[in-house]
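Working notes for the structure below.
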Amino acid sequence: MEKKKIEGFEHIRYERPQLSQEEMIQRSEHFYQEMDQRRTVREFDPRPVPLEVMENIILTASTAPSGAHKQPWTFCLISDPSIKKKIRDAAEEEEKISYSTRMPENWKADLKPLGTNWEKPFLEEAPYLIVVFKQSYGLENGQKSQHYYVNESVGIACGFLIAAIHQAGLTAVTHTPSPMNFLSEILERPFNEKPYLLIPVGYPKAETYVPAIERKPLHEVIKRF
Ligand code: IYR
């Protein structure tokens, strides 16, 4: 591997294969078509998923860029049914209050087409739950260190995670119980970590239906200058 020091720090040569324009167009179109097939799925088949697949998905998420390369994330991977049950019970307790008193009517109206409610059977049905924690600061041997752009970094990593789940032929739901401090307690996470997203992963249940909703067309999401 070709190496060189820049301002005293080791660098390695980086190259990407040069693609022809046609190949770039074809590959970007193909990737877009593939990602456009992704749908949030809230009903899972209990069929087990190989652990290696889950590890690869998490490794992919962990390739995301992060502020000062601090990689301020922890992915808790849960398959233990008793922990899933604890999470479901705690999430439903919060969601019951959210749906009955915390969420305003317009919010609930916006969710009507998605058919969500306080009940979260997917937290027990999905073969795996991934709970993503953001590390607000680093903590090693009791020493604090600064992390930068933590929300941006962890958000990007979750995007990679969701893309990798889809690419593996699996489905997920991006679940955000609120508040979700119960996850820190159940999973006994240290003080520097805060729950960010809860993502059940698995095969979709046989005969799954998803809401007939559309994505914005190009002209609505792009402004050219
Ligand atoms: N956290 C709740 C409510 C909810 C909120 C939004 I914004 C969604 O897009 C979906 C659900 C729940 O998980 O049910």
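A compact table of results
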{"quantity": "Eligible lysines near K86 by straight Cα distance, threshold 29 Å, same-chain separation 8 or greater", "calculated": "K96, K108, K112, K120, K134, K194, K205"}
{"quantity": "Ranked order, K144, K108, K84 - accessible area, probe 1.4 Å, largest first", "calculated": "K144, K108, K84"}
{"quantity": "With all protein chains modelled, accessible area of Y32 [1.4 Å, Å²]", "calculated": "120"}
{"quantity": "³J(HN,Hα) computed for each position of segment 6-12 - Karplus, 6.51 cos²θ - 1.76 cosθ + 1.60, integer Hz, glycine/proline x", "calculated": "10, 6, x, 10, 5, 10, 10"}
{"quantity": "Förster-model FRET efficiency, 25 Å R0, A168 and K216, C-beta, rounded to 0.05", "calculated": "0.45"}
{"quantity": "MRE, 222 nm, helices only [DSSP H, n ≥ 4, -39500 (n - 2.57), over the chain, to nearest 500]", "calculated": "-11000 deg cm²/dmol"}
{"quantity": "Gap separating the Cα centres of segment 177-225 and segment 1-38, nearest whole Å", "calculated": "27"}
{"quantity": "Accessible heavy-atom area order of E22, E43, highest first, probe of 1.4 Å", "calculated": "E22, E43"}
{"quantity": "Over the chain - Rg/Rh using Cα atoms and the Kirkwood inverse-distance radius", "calculated": "1.01"}
{"quantity": "Accessible-area ranking of T116, T101, largest first, probe 1.4 Å", "calculated": "T101, T116"}
{"quantity": "Surface accessible to a 1.4 Å probe, F44 within the full protein complex, Å²", "calculated": "10"}
{"quantity": "Nearest-10 value in Å² for the accessible area of S20, using the 1.4 Å probe", "calculated": "50"}
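The values are calculated or read from the model by the stated rules, or taken from the named source; none is laboratory data. All values derive from a computational prediction rather than experimental measurement. Positions of Cβ are generated from backbone atoms using ideal geometry, with glycine treated the same way; all protein chains shown enter the neighbour counts. Side chains are part of the model used for accessible areas, which takes the heavy atoms of the whole protein and leaves out ligands, DNA and RNA. Shrake-Rupley method; radii C 1.70, N 1.55, O 1.52, S 1.80 Å.
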